[in-house]
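Structure first, commentary second.
The values are calculated or read from the model by the stated rules, or taken from the named source; none is laboratory data. As the structure is a prediction and not an experimental result, all values here were calculated from the model. Positions of Cβ are generated from backbone atoms using ideal geometry, with glycine treated the same way; all protein chains shown enter the neighbour counts.
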Amino acid sequence: MAKNILIAPSILSADFARLGEEVRAIDQAGCDWVHVDVMDGHFVPNISIGPMVVQAIRPHTRKVLDVHLMIAPADPYIEAFAKAGSDIITVHAEAGPHLDRSLQLIRSLGKKAGVSLTPHTPESAIAYVLERLDLILVMTVNPGFGGQAFIPAMTEKIARIRSMIGARPIHLEVDGGVTTETAGACAKAGADVLVAGSATFKGGKYKENMDAIRAAAAKG
Ligand code: DX5
Ligand code: ZN
């Protein structure tokens, strides 16, 4: 089935000293969404950025700001990320005991709600929240760092989640280790949004890199 694959470069691989310029560059190079990785040094072993940085980059693009919260707890910060200009807010299923409540909170703030699963979490974890979701983000590396290798067992999980989604209007996003080598398998398994950090930013040729990932996905 030919479908339109969206590319969401992760700004984790951007030059943080020139973040506004980098966001404009990926926008002009034709990205679909801008993926923002938020890390707390607690849920994941790295610290990145917070709502003030989301607010600072918001004026630099009109594209979807796809904010991936790798933080626990997430609920106390969701309103701040909404006010900062996020379009999609994704929380981890593993981040707190009340996923259903977190998803309701995101939608109550007028934002699209996403859930992410780390590699070891089975897809059954989200079976009863499907109606509250606009996006499912399958982590294909252990969250915390860019530039890691894609975990092959995740292609089966992507396919299983695609069939769980059925006809529901839920995006299926893959995050971690997406390259021209792995994009085809992700698309074939049913992903429709690919996050690509290092594969987009490497060598500074953002358009060329994203075009290559799109072409590889289309072959999948
Ligand atoms: C990892 C992040 C990813 C990461 C992807 O914790 O959620 O978005 O930046 O980086 P690459 O594409 O380099 O694997
Ligand atoms: Zn991410």
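Every condition in (1) in a helix (DSSP H, G or I); (2) within 15 Å of ligand 1 (Cβ to nearest atom); (3) β-branched (Val, Ile, Thr); (4) without any contact (Cβ under 8 Å) to a residue 60 or more places away in the chain is met by residue 26 except one, and the failing one is (4). Please work out if residue 217 is at pLDDT 95 or above, surrounded by 24 or more Cβ atoms within 10 Å (Cβ to Cβ), farther than 15 Å from residue 147 by Cβ and not aromatic (Phe, Trp, Tyr). Considered against the rule, which asks whether it is at pLDDT 95 or above, surrounded by 24 or more Cβ atoms within 10 Å (Cβ to Cβ), farther than 15 Å from residue 147 by Cβ and not aromatic (Phe, Trp, Tyr), residue 217 comes out as yes. Filtering the range 188-200 to residues that are surrounded by fewer than 23 Cβ atoms within 10 Å (Cβ to Cβ) and either away from ligand 2 (no atom under 13 Å from the Cβ) or among the charged types (D, E, K, R) (or both) leaves 188, 189, 190, 192. If I filter the range 54-64 for residues that are within 14 Å of ligand 1 (Cβ to nearest atom), under 17 Å from the mean Cα position of the chain (by Cα) and aliphatic (A, V, I, L, M), do I get at least one hit? No, there is no match, as no residue in the range 54-64 is within 14 Å of ligand 1 (Cβ to nearest atom), under 17 Å from the mean Cα position of the chain (by Cα) and aliphatic (A, V, I, L, M). Just name the residue that is nearest to residue 198 (Cα to Cα) out of those in the range 35-52 that are outside any loop (DSSP other than H, G, I, E, B) and away from ligand 2 (no atom under 11 Å from the Cβ). Looking at residues that are outside any loop (DSSP other than H, G, I, E, B) and away from ligand 2 (no atom under 11 Å from the Cβ), I get 47.
In the range 116-145, the residue that is farthest from ligand 2 (Cβ to nearest atom) out of those that are surrounded by 15 or more Cβ atoms within 10 Å (Cβ to Cβ) and hydroxyl-bearing (Ser, Thr, Tyr) is 121. A residue that is more than 13 Å from ligand 1 (Cβ to nearest atom), more than 19 Å from residue 92 (Cα to Cα) and free of Cβ contacts under 8 Å to residues at least 24 places away in the same chain occurs nowhere in the range 169-192. Being within 16 Å of ligand 1 (Cβ to nearest atom), touching a residue at least 60 places away in the same chain (Cβ under 8 Å), buried (at least 17 other Cβ atoms within 10 Å of the Cβ) and closer than 21 Å to residue 8 by Cα is a condition met by at least one residue of the range 146-162.
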